[in-house]
Amino acid sequence: MLHPLKEMMERRKVGITCGIPSYCSANEFVIEAALERARDTGRPTLIEATANQVNQFGGYSGMKPQDFMDFVSEIAGRTGTDRELFILGGDHLGPLTWSDESEKEAMGKAEELVREYILAGFTKIHLDTSMKLGDDPKEGPLSTETIAKRGVRLYQVCMEAFEQLKLKSPDAIRPVFIIGSEVPIPGGAQEKEEGIQVTRPEDFEDTVNTYKRIFKEEKFEHAWEDMIAIVVQPGVEFGDTQVFSYDSEKAQSLCGKLKEYPEIVFEGHSTDYQSRDCLKKMVEDGIAILKVGPALTFGLRESLFALSMIEKELIPEENQAYFKEILDRSMLEHPQNWIKHYHGNEKELAFARKYSFSDRCRYYIGDKKMADAINKLLNNLFDIEIPIGILHQYMPKQFKKIQSGILKPEPRALAKDGIVEFMEDYEYASYYL
C-alpha cells in the first residue's frame, strides 16, 4: 500500500495543488474531531505527537508511543473511523528533550525514541537533530554536517526498527521522513518578536545536498526516496499576543528554489491562526504540510468558555461546573507550564492564562480535575434544551451550522466545533477535492 503522503506527492508532481494539515495534539476532543472529519470526508487525517509530549519515558502527556497509538485507535473505534484513514506522525524526534546531556547520552535516548515510534506504527517521522547538545561547542551555530550525520544515524535506527516491525506486520506501511528545523521549540514563540526571517534558499539547498551526500557516504543509496519534506521557516509564526501572517512575496525566493526539487515539499510549522487564504497560498507555494496545534485547543477552550456562559444563565449556581474558575485555579497551582511564556503584571498574566494564542491551557485541560469539570459542564447542558436565542448570543457560528442541519445542538458537538472551525480552514487550503 502506498503511503497517503506519497500519494499526495504523486498528485503534486502532475500539477494537482494539494496538501495536508497536520494536527499536533494529544487532546481527546481534538483527536475525536479529526477522526470524525476523516470518517465523514473519506480523506486521511494526519495526527502528530511531539517528542516532549510522547516519548519512551511518558512525556508530559504520560504516554509512550504505543500508548498514543492505542489512544488514537480507541477513539477511531469509538467514532467508527477506519484505520486506513489516520496517519500517525512523530514531530521533532531527536535529542530535543535531552539537549543538556552529552551527545552519547542524548543521541542514545533519541535512538530509542525513534525506535519506539516506528515499532508502534507511526509512519511520518520528523527527524530533528538541529539543537546543540551538552558537549557541543558553545560558540557559533551547529554545522549542517553535524545535524545531518545525527539525522542519518536516526534514520538508520528507524529503518532497522521497520524491518523488525515487518516480521510481525508484513503489510506495515514504509515510513516517510521529514528533515530540517527552521522553527522555534514546539508551541510557538516564547517572547515578542520584531520579525520573522524567512529561510534563505542557499540554506535550504545546503540541507538537501548535505543529507544526500551523507546518505551516499553511509551507503544508504535509496534513503532520499523516503524523504518527502524539509522543514523551513516561510515567514509564519505566532506568540502570546501576535500572529505573523504568510507573505508570499517574502517567501518567493525560497519557494522558487523548491521547484528545482519536485520530489519534496516544504513543511510549515507554527501555522496556527493563519487565515484560510494565507494557508491556501502556502499550499500553492509548495508548503504542503501545514502543522497546527495550539490553535486547536484554543478553539476548544473558546467553545468551553461559551458553554460556561450559557450554563451560568441556565443552571442554578450550586449545580454549575465552574469550568473557567477551576481551569484558572489549576494553572495558578501548577504554574510551570505557563510561567515562562507569559509576561506582565497580575492582571496581564490572568488575561494571558485565558486568552493567549500560545494556549498553555492545553497542558491542563486533560487533567482529571479539568476533565471532571468539562464532563459536568457538558452533562448540565445535555439535560436541558438550550434556547436558540442564547445559543446565537454566545455561539453564533455554531447556531448557523445548526440552522443548516450540519451540526447537532448537543454540548459535546458544540464544544468540538470550536476545533472544527480551525480544521475547516486547513481543509479549504489543503484538499484537492
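Could you please give the count of residues in the stretch 350-398 that are under 21 Å from the mean Cα position of the chain (by Cα) and in a helix (DSSP H, G or I)? First the steps, then the outcome.
Quick first cut of the stretch 350-398, residues under 21 Å from the mean Cα position of the chain (by Cα) only: 353-367.
Keeping just the survivors that are in a helix (DSSP H, G or I) gives 353-355, 360-363.
Counting residues in the stretch 350-398 that are under 21 Å from the mean Cα position of the chain (by Cα) and in a helix (DSSP H, G or I) gives 7.
Residues in the stretch 402-411: is at least one surrounded by 18 or more Cβ atoms within 10 Å (Cβ to Cβ) and touching a residue at least 40 places away in the same chain (Cβ under 8 Å)? Reasoning before the result, please.
If we filter the stretch 402-411 for residues that are surrounded by 18 or more Cβ atoms within 10 Å (Cβ to Cβ), which is where we start, we get 402, 407, 411.
So of that shortlist, the ones also touching a residue at least 40 places away in the same chain (Cβ under 8 Å) come out as 411.
Yes, there is a match, as at least one residue in the stretch 402-411 is surrounded by 18 or more Cβ atoms within 10 Å (Cβ to Cβ) and touching a residue at least 40 places away in the same chain (Cβ under 8 Å).
Here are some residues: 359, 417, 425. Which one is in contact with a Lys or Arg (Cβ under 6 Å, 6 or more places away or on another chain) and surrounded by 15 or more Cβ atoms within 10 Å (Cβ to Cβ)? Spell out how you get there, then give the answer.
Values: 359 fails: in contact with a Lys or Arg (Cβ under 6 Å, 6 or more places away or on another chain); 417 fails: in contact with a Lys or Arg (Cβ under 6 Å, 6 or more places away or on another chain).
Exactly one residue qualifies, and that residue is 425.
Considering only residues of the stretch 56-103 that are among the β-branched types (Val, Ile, Thr) and outside any helix (DSSP H, G or I), which is nearest to residue 39 (Cα to Cα)? Can you show your working first?
Going residue by residue through the stretch 56-103, those that are among the β-branched types (Val, Ile, Thr) are 72, 75, 79, 81, 87, 97.
The next check asks that each one be outside any helix (DSSP H, G or I); those that pass are 81, 87.
Details: 81: 5, 87: 13 Å.
By that ranking, first place goes to 81.
Of all residues in the stretch 222-281, which are within 24 Å of residue 359 (Cβ to Cβ) and in a helix (DSSP H, G or I)?
276, 277, 278, 279, 280
Considering only residues that are polar (S, T, N, Q), surrounded by fewer than 20 Cβ atoms within 10 Å (Cβ to Cβ) and either touching a Ser or Thr at 6+ places or on another chain (Cβ under 8 Å) or closer than 18 Å to residue 294 by Cα (or both), which ones fall in the stretch 13-40?
Start the filter on the stretch 13-40 by keeping residues that are polar (S, T, N, Q), which leaves 17, 22, 25, 27.
Adding the requirement that they be surrounded by fewer than 20 Cβ atoms within 10 Å (Cβ to Cβ) leaves 17, 27.
Residue satisfying the conditions is 27 alone.
Which one of the conditions (1) part of a loop (DSSP other than H, G, I, E, B); (2) touching a Ser or Thr at 6+ places or on another chain (Cβ under 7 Å) does residue 43 fail to meet, given that it meets all the rest?
(2)
Pick from 100, 91, 136, 128: which is charged (D, E, K, R) and in contact with an Asp or Glu (Cβ under 6 Å, 6 or more places away or on another chain)?
Values: 100 fails: in contact with an Asp or Glu (Cβ under 6 Å, 6 or more places away or on another chain); 136 fails: in contact with an Asp or Glu (Cβ under 6 Å, 6 or more places away or on another chain); 128 fails: in contact with an Asp or Glu (Cβ under 6 Å, 6 or more places away or on another chain).
Residue meeting the stated conditions: 91.
So is residue 37 farther than 20 Å from residue 125 by Cβ, part of a helix (DSSP H, G or I) and out of contact with any Phe, Trp or Tyr (no Cβ under 8 Å at 6 or more places or on another chain) or not? Please lay out each step first, then the result.
Details: farther than 20 Å from residue 125 by Cβ: yes; part of a helix (DSSP H, G or I): yes; out of contact with any Phe, Trp or Tyr (no Cβ under 8 Å at 6 or more places or on another chain): yes.
Criteria met by residue 37.
Take the conditions under 22 Å from the mean Cα position of the chain (by Cα), at pLDDT 95 or above and of a type in the set (Gly, Ala, Ser) and apply them to residue 80. Does it pass? Quick ask: steps written out before the conclusion?
Values: under 22 Å from the mean Cα position of the chain (by Cα): no; at pLDDT 95 or above: yes; of a type in the set (Gly, Ala, Ser): yes.
The answer is no for residue 80.
Can you name the residue in the stretch 46-55 that is in contact with a His (Cβ under 9 Å, 6 or more places away or on another chain) and assigned to a loop (DSSP other than H, G, I, E, B) and is also modelled with the lowest pLDDT among such residues? Reasoning before the result, please.
Our first condition is that a residue be in contact with a His (Cβ under 9 Å, 6 or more places away or on another chain); within the stretch 46-55, this holds for 48, 50-52.
After this cut, where a residue has to be assigned to a loop (DSSP other than H, G, I, E, B) as well, the list is 51-52.
Details: 51: 97, 52: 94.
Here the residue is 52.
Sort out which residues of the stretch 172-199 are in a loop (DSSP other than H, G, I, E, B) and modelled with pLDDT of 95 or more, and write them in order of number.
Let us first name the residues in the stretch 172-199 that are in a loop (DSSP other than H, G, I, E, B), namely 172-175, 180-199.
Across the stretch 172-199, the qualifying residues are 172, 173, 174, 175, 198, 199.
Residue 251 versus (1) surrounded by fewer than 23 Cβ atoms within 10 Å (Cβ to Cβ); (2) without any contact (Cβ under 8 Å) to a residue 60 or more places away in the chain; (3) on the phi < 0 side of the Ramachandran plot: which is the lone unmet condition?
For residue 251, the failing item is (1).
Just to be sure I understand, how many residues within the stretch 32-43 are more than 15 Å from residue 413 (Cβ to Cβ) and out of contact with any strand residue (DSSP E or B) (no Cβ under 6 Å at 6 or more places or on another chain)? Before the answer, list the steps.
Quick first cut of the stretch 32-43, residues more than 15 Å from residue 413 (Cβ to Cβ) only: 38, 41-43.
Narrowing the set further to residues that are out of contact with any strand residue (DSSP E or B) (no Cβ under 6 Å at 6 or more places or on another chain) leaves 41-43.
Qualifying residue count, the stretch 32-43: 3.
Does the stretch 285-299 contain any residue that is surrounded by fewer than 18 Cβ atoms within 10 Å (Cβ to Cβ), at pLDDT 95 or above, over 24 Å from residue 337 (Cα atoms) and more than 15 Å from the chain's Cα centre (by Cα)? Let's see the steps before the verdict.
Of all residues in the stretch 285-299, those surrounded by fewer than 18 Cβ atoms within 10 Å (Cβ to Cβ) come to none.
Scanning the stretch 285-299, I find no residue that is surrounded by fewer than 18 Cβ atoms within 10 Å (Cβ to Cβ), at pLDDT 95 or above, over 24 Å from residue 337 (Cα atoms) and more than 15 Å from the chain's Cα centre (by Cα), so the answer is no.
So the check is Cβ under 7 Å with 6+ separation or different chains; which pairs have a first residue in the stretch 214-225 that's in the same structural domain as residue 146 (by TED's automatic domain parsing) and a second one that's of a type in the set (Lys, Arg) and at pLDDT 95 or above?
Pairs found: 214/149; 224/212.
Any residue in the stretch 160-184 that is outside the structural domain of residue 224 (by TED's automatic domain parsing) sitting within a Cβ distance under 6 Å of a residue that is assigned to a loop (DSSP other than H, G, I, E, B) and among the hydrophobic types (A, V, I, L, M, F, W, C)? List the pairs, counting only those 6 or more apart or interchain.
No pair meets every condition.
Can you find even one residue in the stretch 13-22 that is assigned to a strand (DSSP E or B) and under 22 Å from residue 367 (Cβ atoms)? Before the answer, list the steps.
Within the stretch 13-22, the subset assigned to a strand (DSSP E or B) is 20-22.
Still in the running and under 22 Å from residue 367 (Cβ atoms): none.
No, there is no match, as no residue in the stretch 13-22 is assigned to a strand (DSSP E or B) and under 22 Å from residue 367 (Cβ atoms).
State yes or no: is residue 373 surrounded by 13 or more Cβ atoms within 10 Å (Cβ to Cβ), of a type in the set (A, V, I, L, M), within 18 Å of residue 312 (Cβ to Cβ) and outside the structural domain of residue 33 (by TED's automatic domain parsing)?
Working: surrounded by 13 or more Cβ atoms within 10 Å (Cβ to Cβ): yes; of a type in the set (A, V, I, L, M): yes; within 18 Å of residue 312 (Cβ to Cβ): yes; outside the structural domain of residue 33 (by TED's automatic domain parsing): yes.
Yes; evaluated as a whole, the condition is true for this residue.
The values are calculated or read from the model by the stated rules, or taken from the named source; none is laboratory data. Note that this is a predicted model, so its numbers are computed, not measured. Cβ sites come from the backbone with ideal geometry, for glycine too, and all protein chains shown count toward neighbours.
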